[in-house]
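K.L.:
This structure is in structure tokens; I'll ask about it shortly.
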Amino acid sequence: MVFPAEPLALAGLAPVAKGQDRLVYHHPDFPDLLFKAPKSLHAALGQPEGTAIRLALSDLGNFRQLMLKLSPKTLWHPFFKESDCYLRARLAGIATPDLPIPNLYGFCDSDIGPVLAVERIALPGQMLGRTLKSLAGEGPLDAAMVTLLDQFAKRMFRHGLVAGDMTAANIALGQRGGADQFVLIDGFGDIHAIPFRSASARLNRIAMTRSFHKMAGRIGLRFDETQQRFSPRSA
């Protein structure tokens, strides 16, 4: 794995993916990596660049927007939480083939500011891994896909990783060591101001179970928390 030693030229590249607050870039010199960067404050707020950013009464009903205006460095909050989650996983000795989140390789410099280098999760021949949401949108998942999803759930529970935003849109299908697997590519780490899930394995397990039930319902499945398995909703 080659890691960038010099500042990356990303300003002239189009992002390969966009989230609510972040942009994801791919650089041709580093095919196995993706680079995550925060959006500008204006873009994160959905405002034209250069316009004045002012507090408004409506911000009181939108905690995310309020925090961005009061403290723009909030844009970096997900990076800190993901890094913390990854470090905890690595210190626990979880091997890459069993890791349900991407490898993080640290921050590096670029012409758009610091960016986080992460493992690119995808099947051979793909730039980005297909998300569980997009796969389920094509019709019922076949038995092989459901088995891979079962394996993902078991890895999440076995290692007790914290996922503050585990949705089908944040889970992607990729390949590691020749084996296909689902990986939580975004939304991991304890995103809450008071990190209850990080402090309590029991609370984290309850929250994770709730997330799997909610996600399963949205993609036509049901989730059995006792067996940690998915099945068709009609079964």
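Values quoted throughout were computed directly from the atomic coordinates according to the rules given, and no laboratory measurement underlies them. Since we're looking at a predicted model, the values are computed, not measured. Methodologically, a virtual Cβ is constructed for each residue, glycine included, from the backbone with ideal geometry; neighbour enumeration extends over all protein chains shown.
K.L.:
What FRET efficiency would be calculated for the residue pair Val146, Leu123, taking the C-beta separation as r and a Förster radius of 22 Å, to the nearest 0.05?
P.N.:
With a Förster radius of 22 Å, E is 0.80.
K.L.:
Let me ask something else. Listed highest first by mean packing, meaning other Cβ atoms within 10 Å per residue, what order do 6-16, 177-187 come in?
P.N.:
By packing density, highest mean first, the sequence is 177-187, 6-16.
K.L.:
In addition: Pick out which of Thr131, Thr51, Thr147 has the largest mean-square fluctuation in a Gaussian network model of the chain, springs linking Cα atoms closer than 10 Å.
P.N.:
Looking only at Thr131, Thr51, Thr147, the biggest GNM fluctuation is shown by Thr51.
K.L.:
Then there's this: For the residues Thr74, Thr226, what sequence is obtained by ranking on other C-beta atoms within 10 Å, fewest first?
P.N.:
Going from sparsest to densest Cβ surroundings: Thr226, Thr74.
K.L.:
A follow-up question, please. Hey, what do the phi angles of the range 212-228 turn into as Karplus ³J(HN,Hα) couplings, whole Hz, using 6.51/-1.76/1.60 and θ = phi - 60°, x for Gly and Pro?
P.N.:
The phi angles translate into 5, 4, 5, 5, 4, x, 7, 10, x, 10, 10, 10, 9, 5, 5, 8, 6 Hz.
K.L.:
Given H placed on each backbone N at 1.01 Å, which residues far from Arg229 in sequence or on other chains put an amide H within less than 5 Å of it?
P.N.:
Result for Arg229 returns Asp224.
K.L.:
Distance in nm between label sites at Arg176 and Phe3, each 7 Å beyond Cα in the beta-carbon direction?
P.N.:
1.8
K.L.:
Separate question: List, in order, the whole-Hz ³J(HN,Hα) value for each residue of the range 67-72 obtained from phi through the Karplus relation with A = 6.51, B = -1.76, C = 1.60 and θ = phi - 60°; use x for Gly and Pro.
P.N.:
Taking θ as phi minus 60°, the curve returns 5, 4, 6, 6, 9, x Hz for the range 67-72.
K.L.:
What is the pair-distance distribution P(r) of the range 86-166, computed from all Cα-Cα distances in 10 Å bins starting at 0, with each bin given as a whole percent?
P.N.:
Reading the bins upward from 0: 14, 38, 35, 11, 1.
K.L.:
Same structure, new question: Work out the length of the dipole vector of the range 1-147 about its Cα centre, built from +1 on the beta-carbon of each Lys and Arg and -1 on the beta-carbon of each Asp and Glu, and round it to the nearest 20 debye.
P.N.:
So the magnitude is around 520 debye.
K.L.:
Projecting each Cα onto the charge dipole of the chain (Lys/Arg +1, Asp/Glu -1 at the beta carbon, about the Cα centre), which of Met1, Ala117, Ile53 comes out farthest on the positive side?
P.N.:
Ile53
K.L.:
Using Cα-only point scatterers and the Debye equation, what is log10 of I(q)/I(0) for the range 1-159 at each q in 0.16, 0.21 Å⁻¹, rounded to two decimals?
P.N.:
Per q value, in the given order, log10 I(q)/I(0) is -1.10, -1.38.
K.L.:
In addition: What's the center-to-center distance, using Cα atoms, between the range 3-78 and the range 101-152 in Å?
P.N.:
20
K.L.:
Under the Karplus relation 6.51 cos²θ - 1.76 cosθ + 1.60, θ = phi - 60°, what is the ordered set of whole-Hz ³J(HN,Hα) values for the range 80-89, x standing for Gly and Pro?
P.N.:
Coupling constants for the range 80-89: 5, 5, 5, 5, 4, 4, 5, 4, 4, 5 Hz.
K.L.:
If you don't mind, another one. Hey, if you drop one equal point scatterer on each alpha-carbon of the range 132-232 and run the Debye formula without solvent, what base-10 log of I(q)/I(0) do you get at q = 0.09, 0.15, 0.18 Å⁻¹?
P.N.:
Result of the Debye calculation: -0.21, -0.58, -0.83.
K.L.:
Continuing with this model, one more query. Hey, can you grab everything whose amide H is under 5 Å from the amide H of Leu23? Only 5+ residues off in sequence or another chain; H modelled, so Pro and N-termini drop out.
P.N.:
Sorted by chain and number, the residues that satisfy this are Ala37, Lys39.
K.L.:
So if we plug the beta-carbon distance of Ala52 and Ala199 into 1/(1 + (r/R0)^6) with R0 = 35 Å, what FRET efficiency do we get, rounded to 0.05?
P.N.:
Efficiency computed from Cβ-Cβ geometry: 0.30.
K.L.:
OK, next. Aspartates and glutamates near Lys133 by alpha-carbon distance under 20 Å, same-chain residues fewer than 8 away left out - which ones?
P.N.:
Reachable aspartates and glutamates: Asp21, Asp142, Asp150, Asp165, Asp180, Asp186, Asp224.
K.L.:
Another one. Which of the peptides 149-157, 21-29 is most tightly packed, and how do the rest follow, going by the mean number of other Cβ atoms within 10 Å of each residue?
P.N.:
The most tightly packed comes first, giving 149-157, 21-29.
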